[in-house]
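The values are calculated or read from the model by the stated rules, or taken from the named source; none is laboratory data. This structure is a prediction, so every number in the text was calculated from the model and none was measured. Quick reminder, even Gly has a Cβ in these numbers, built from the backbone with ideal geometry, and neighbours come from all protein chains shown. Side chains included, ligands, DNA and RNA excluded: accessible areas come from the protein's heavy atoms. Shrake-Rupley method; radii C 1.70, N 1.55, O 1.52, S 1.80 Å.
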Amino acid sequence: MTQAKPFELCVVIDDDDDILLAARLLLRSIFTEVLTYSDPEAAYAAIGGRTPEAILLDANFSRGATNAAEGFEWLGRFLQRDPQAVIVMITAHAGVQIAIEAMKRGATDFVTKPWSNERLLATVRTAASLRASRRIAAERDEVALIAAAPSGETPLLGTSPAMARVQQLIDRAAPTDANVLILGENGTGKELVARELHRRSRRSDRIMLTVDLGAVAESVIDSELFGHVKGAFTDARTDRIGRLQAADGGTLFLDEIGNLPLHLQPKLLTALEQRKVTPVGANKAVPVDIRVIAATNLSAGQIADERRFRQDLLFRLNTVEIMLPPLRERREDIPALVAHFHALYARKYMRPVHPIATDLMAALVAYEWPGNVRALRHAIERAVILAGDAPFTIEDIPLRPQEGTAPVRIDRAAVVEAAPAPDDMNLERVERRLVEAALTKHGYNISSAAAELGLTRASLYRRMEKHGL
């Protein structure tokens with residue numbers, strides 16, 4: 001069985017064929033592929049979009065040249081095309097000053113001719129390792145950009161006794177590194193609590209990375225969380241760091257943790273206990289330093305069911321447990337939430353902010369809000385849009401079926417049968433209405449709404465994002 005080599009590609013560029021042969025024979029012990037070129041122009045064209053872990057570049061190519069002008073020119077061109085490129089300059093013994101100048105211009109290191117095999121291997125190995133670390137850092141930055149929170153516009157609002165208890169728990173848990181489990185119905189603001197915990201923690205200057213396990217296909221959750229190495233499975237063409245490793249030093253928010261498959265729960269438990277991650281297909285664990293915040297819409301009884309969730313993992317996750325109350329249990333917070341969302345969407349759509357009539361506010365407070373704060377937010381946004389420059393009324397907020405429409409029935413065709421006559425045949429708008437109706441009917445329970453529509457959870461999430469729901 002062929003032993004795996006630590007690095008993929010090395011490129012050697014030198015006008016001496018003997019040097020190229022010696023380098024190829026020596027470096028193939030640590031690289032899967034070693035490409036050699038006597039002409040830098042040919043090497044530059046051949047590499048194209050590939051990313052070698054190391055490039056060995058001669059300082060001089062023209063006969064009699066000793067000033068390294070050509071080497072410096074090609075060093076600049078390679079770095080311009082790939083600023084993360086790792087380039088080791090090859091110089092003669094008398095060219096130490098040239099080597100120093102090359103490093104000032106961006107070269108990673110240098111070797112002198114004739115070289116020591118041990119020194120060359122050590123230098124190139126170190127250079128290739130640097131390239132790998134730069135790639136991981138770039139991936140982590142990319143993940144951080146993707147995961148950046150857009151939620152700064154929505155604070156965690158509420159002064160009710162129920163929310164006061166939540167705030168007390170946040171105050172006590174946030175400064176610690178204790179893992180936190182947030183329980184609550186859909187739309188109660190679990191992600192806002194997670195972000196508040198991170199904002200007040202000692203890790204607030206580091207990344208907070210969110211993984212929505214309800215929106216990730218089960219077949220790729222393993223790779224998404226733990227990463228993989230090249231060749232671990234059919235489509236694993238390169239190494240990829242997982243979200244646990246990408247969140248190193250910061251906070252990892254595992255949303256919809258109840259969707260983590262049972263067969264992966266022991267692996268997550270091991271990673272949290274040992275503070276190490278083993279990518280798919282790898283034999284060596286990578287140390288990580290993360291704080292985990294998890295959330296689920298499962299009830300306390302459901303999450304405590306051993307058939308659904310391992311209790312040893314639950315104990316690891318719920319060092320502190322925060323139960324978010326549904327909106328119907330903190331009705332006194334509704335006026336403040338309405339005012340906040342009213343002002344927010346008035347600014348967004350450039351509409352005036354009118355006082356809300358007393359009877360309308362009373363209706364909003366009395367409503368059950370099966371979708372909780374998320375449903376209230378969508379209702380106020382809709383009202384601001386439909387009312388235009390006028391004060392909005394109860395007609396702009398569909399709290400109950402309007403007179404003359406079919407009632408919502410508990411069967412698979414209910415969403416369609418409860419819809420108005422299809423005067424508007426635009427597929428995009430019809431799809432949006434159906435998705436919104438299914439979400440409202442099921443109180444923004446994603447699993448139930450997806451089943452009603454005949455979709456997977458991931459497909460429903462994509463449609464919600466597409467239509468701004």
Value of D in µm² per second that Stokes-Einstein yields for segment 161-325, Kirkwood Rh from Cα pairs, at 25 °C (0.890 mPa s) = 152 µm²/s
Each residue of segment 166-179 in turn: what ³J(HN,Hα) in whole Hz from Karplus with 6.51, -1.76, 1.60 and θ = phi - 60°, glycine and Pro shown as x?
-> 4, 4, 5, 5, 5, 4, 7, 7, 4, x, 8, 9, 5, 5
Kindly report the accessible area of segment 326-407 per residue (heavy atoms of protein chains, probe 1.4 Å, no ligands, DNA or RNA), in Å².
-> 53 Å²
Please identify the GluC sites (Glu not before Pro) of segment 272-340 that satisfy two criteria: DSSP loop assignment and at most 16 other Cβ atoms within 10 Å. Which are they?
-> GLU306
Using eta = 0.692 mPa s and T = 37 °C, Stokes-Einstein with Kirkwood Rh from Cα pairs puts D for segment 213-304, in µm² s⁻¹, at 239 µm²/s
Can you give the direction-averaged projected area of the convex hull of the alpha-carbon atoms in segment 17-130, in nm²?
-> 6.6 nm²
For ALA304, what charge total do you get from the other residues with a beta carbon under 13 Å from its beta carbon, if Lys and Arg give +1 and Asp and Glu give -1?
-> -1
Provide the net charge surrounding MET361, with neighbours chosen by a C-beta distance below 14 Å and charges set as Lys +1, Arg +1, Asp -1, Glu -1.
-> -3
Just the number, please: carbon plus sulfur as a percent of the accessible area of segment 161-325, 1.4 Å probe, no ligands or DNA/RNA counted.
-> 48 percent
Sort 428-434, 49-55 for me by packing, meaning the mean count of neighbouring Cβ atoms within 10 Å per residue, highest on top.
-> 49-55, 428-434
For segment 329-396, state the semi-axes of the equivalent ellipsoid (square roots of 5 times the eigenvalues of the alpha-carbon gyration tensor), sorted largest first and rounded to whole angstrom.
-> 19, 12, 10
In the neighborhood of LEU35, defined by Cβ-to-Cβ distances under 10 Å, what is the net charge if each Lys or Arg adds +1 and each Asp or Glu adds -1?
-> +1
Expressed as a whole percentage, what fraction of the accessible surface of segment 7-145 belongs to carbon and sulfur atoms when a 1.4 Å probe is rolled over the protein heavy atoms?
-> 52 percent
Any idea what the alpha-carbon Rg over 2.2 N^0.38 Å comes to for segment 260-302?
-> 1.38
Send over a whole-number figure in Å² for the accessible area per residue of segment 161-325, probe 1.4 Å.
-> 44 Å²
To the nearest 0.05, what FRET efficiency results for LEU399 and ALA46 with a Förster distance of 60 Å applied to their C-beta separation?
-> 0.35
How compact and how long is segment 5-45, expressed as Rg and Dmax of its alpha-carbon atoms in Å?
-> 10.1, 28
